[in-house]
Structures are given as C-alpha cells and as structure tokens.
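The structure appears below as structure tokens.
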C-alpha cells in the first residue's frame, strides 16, 4: 500500500511568483485535504477535494486554488506569492469525508 | 468557531517517565485523531479515536466525547518520543481542526 506522497519537498520562490504543489493520495483514498503550517503553529485547513469537487474551504484568499484529478491526486496552486505564504504545506488523504486522515511528508515553501 | 486546546504546551521528561497529554474541544466531536510530528515535519498517525480507549504499545488514548476531551498517555518514554503532539478534531464538516500542540522533549 502506497502512502501519501508530496512533491517537491522543498521550494524557494520569489514574492509575486506562482507555485504548484502536488500530492498523490494513498491507494484507495478519494478525498484530499490541504493544510498550511506556519512555524510554531498547528496546521490550518486550506480546502478539501472529494471526487474531484471542492468540498469545504478554510479562511484562505482566492489566490489559493486547487484541483483533484480522476486518480484522486491533487494540486495546490498559490498565485501572487507573499512572504507570509512561507510555511510547510501538508496534504492528507482519506477514504470518504470525516474518516481517518493520513498525511504526506509536506512541502516546505520559502518565499523571499 | 471550534476551540481545540492542548495542555501542557511544553513538557520535558527523563527517559522512562510517564506522561499524560490533554486535548479539550468546545463542540461535539465526530472524529478525533492524535498525531506525532517528527522534526522533519511528518505527521505520524497515533490514534483515530472519536470515543473510548485504544492502546498501541506504550501509547494509549481515551476520548470522553460527552465531556469533550481526549487524553494521550505515554508510558516509559524514550528519546524517540520527542517532538510535537497534536490532537485534531472533526465535527460535522470533514476538515481537521488542530490543537495548539504539546512539545515533548525526552532527555537521557
């Protein structure tokens, strides 16, 4: 059974640029959620995708967007990067909504 | 909105000691998970425990949904137990709301 994998593991971008982060869900899982974790804080919910549809969104601006593909993998896109977007971005997959979630190793994004 | 509070915020233990971490939540729980975040940022699943008690080796957890709290017990702690422990609550929506975390350091 393959776990949740994210790419890239580390990324450095310049303010104003755009970034795409990728997540492959665990085998058999159809729900993917994205979280942002700033240094010293707990993860904050960005949004969730269930069967390729957005299914809930946290308090993040529209420049945070996402996709889920037919194989249930997912992308997180962030436009017009700001310095405060520097964080660890975590992807979680689960079977159905509200069931046990499993996390990838994260992508550490630094905006300079 | 939902409040998920963890205590203590920081804990230093000597190897071999036992500890109890607490998670209080302000609304009815649908699901609750405990995670250990290692120094590289990976969130490791410990327990999926909306109610009742579970044990896994030196770790055990209890959730009392009616009183809106969950406890994580660590017995005979080891240096590899060091890291940040998070509880995460799910209500009727399916997103996880994380607590503030407990930073554990186990020393020799």
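Can you give me the ranges of the strands (runs of 3 or more DSSP E) entirely in region B:23-108 with at least 2 residues that are at the interface with chain A (Cβ under 9 Å from one of its Cβ atoms) and within 15 Å of the chain's Cα centre (by Cα)?
B:31-37, B:43-48, B:83-90
Could you please let me know if residue A:43 is crowded, with 20+ Cβ neighbours inside 10 Å, in contact (Cβ under 8 Å) with a residue 12 or more places away in the chain and closer than 16 Å to residue A:108 by Cβ?
In short, yes.
Would you check if residue A:51 is loosely packed, with under 13 Cβ neighbours inside 10 Å and within 14 Å of chain B (Cβ to nearest Cβ)? If you could, list the steps in order and put the result at the bottom.
Values: loosely packed, with under 13 Cβ neighbours inside 10 Å: yes; within 14 Å of chain B (Cβ to nearest Cβ): yes.
The answer is yes for residue A:51.
Give the number of residues within region B:51-75 that are without any contact (Cβ under 8 Å) to a residue 24 or more places away in the chain and surrounded by 13 or more Cβ atoms within 10 Å (Cβ to Cβ).
Residues meeting the conditions: 8.
A short reminder: the numbers here are calculations on the coordinates, not readings from a lab. Source: prediction; values computed, not measured. Virtual Cβ from ideal backbone geometry, glycine too; neighbours counted across all protein chains shown.
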